[in-house]
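Let me begin by presenting the structure, written as structure tokens, before commenting on it.
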Amino acid sequence: IKGADNFHSAEELAKIKQQYGRILLVYPSHSIDNVIAQYDISMLIDEIDRHASDFDNIFVCLYWKDLMDNQKIQQYLNKGYTIVCNGLGSDPHFLSRQKDILMLSDMVMTNGLGTHIGYAVCMQKPVYFFQQSKYKKEEKGAILESVENVNTIEHQFMKVFREYSFDITSKQMELVEKYWGVWQ
């Protein structure tokens, strides 16, 4: 993320930031390929709302596949949240758009493990990991079992990022560096 170019110019980013003010950027657990992420969206929205007064706007960054779920999108829109997306991972501007979205944010909130945590910390954005039950299912409906190794790693991140704080702790930095490397 450090080496990626920005998608927008510095002037465009400054205008966007001025328009939206302090931003809480939310990365819900997302679907992949033929797998759909499931979580209690009302519970996530309640947690977002608990912290909304610290921000001028809430951005919810959805994966392209989750943008196809109109019911999910509508629940976020009904709360007045702004939906953002990096696009397709194969798009050469995917990482540049993600960098811009992260740069605009003042804090990142998530309910799932992903590269957004490492990218946020790398860009000096505090992360709050909201612990929430979730599962993944095949598009045909069968619920998939979690891989134990992934659950163990996610639990490490939940434990270290579970406090809502605008500070990035040394333990958070150490954990991010363990999985994404040192960026200094």
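For the reader, a short list of remarks on this structure follows.
- Accessible carbon and sulfur surface of the chain relative to its total accessible area, %, 1.4 Å: 50 percent
- Estimated translational diffusion coefficient (Stokes-Einstein, Kirkwood radius over Cα pairs, 25 °C, 0.890 mPa s) of the chain: 144 µm² per second.
- Coarse-grained scattering of region 62-114 at q = 0.21, 0.22 Å⁻¹, given as base-10 log I(q)/I(0) from a Debye sum over alpha-carbon atoms: -0.95, -1.03
- Ellipsoid equivalent to region 20-82 - semi-axes via the Cα gyration tensor, in Å: 21, 12, 10
- Average accessible area per residue (Å²) across region 1-139 - probe 1.4 Å, nucleic acids and ligands excluded: 48 Å²
- DSSP finds beta bridges in the chain, and of those with both partners inside it, around 35 percent are antiparallel.
- In the chain, the DSSP-assigned H stretches of four residues or longer account for a calculated mean residue ellipticity at 222 nm of -12000 deg cm²/dmol, using -39500 (n - 2.57) per stretch and the full residue count as denominator.
- Axial C-alpha extent at least 24 Å, average Kyte-Doolittle at least 1.0 - helices from the chain (DSSP): none
- Among the listed pairs LYS65/LYS171; LYS65/LYS159; LYS79/LYS125; LYS99/LYS171, those beyond 31 Å (Cα-Cα): LYS65/LYS171
- Size of electric dipole in region 1-79: Cβ of Lys, Arg +1 and of Asp, Glu -1, about Cα centre, debye, nearest 20: 140 debye
- Charged neighbours of PHE161, selected by a Cβ distance under 15 Å, balance to -1 (K, R count +1; D, E count -1).
The values are calculated or read from the model by the stated rules, or taken from the named source; none is laboratory data. Treat the numbers as computed from the prediction; the structure is a model and nothing was measured. Virtual Cβ from ideal backbone geometry, glycine too; neighbours counted across all protein chains shown. Surface accessibility is based on the protein's heavy atoms, side chains included, excluding ligands, DNA and RNA. Shrake-Rupley method; radii C 1.70, N 1.55, O 1.52, S 1.80 Å.
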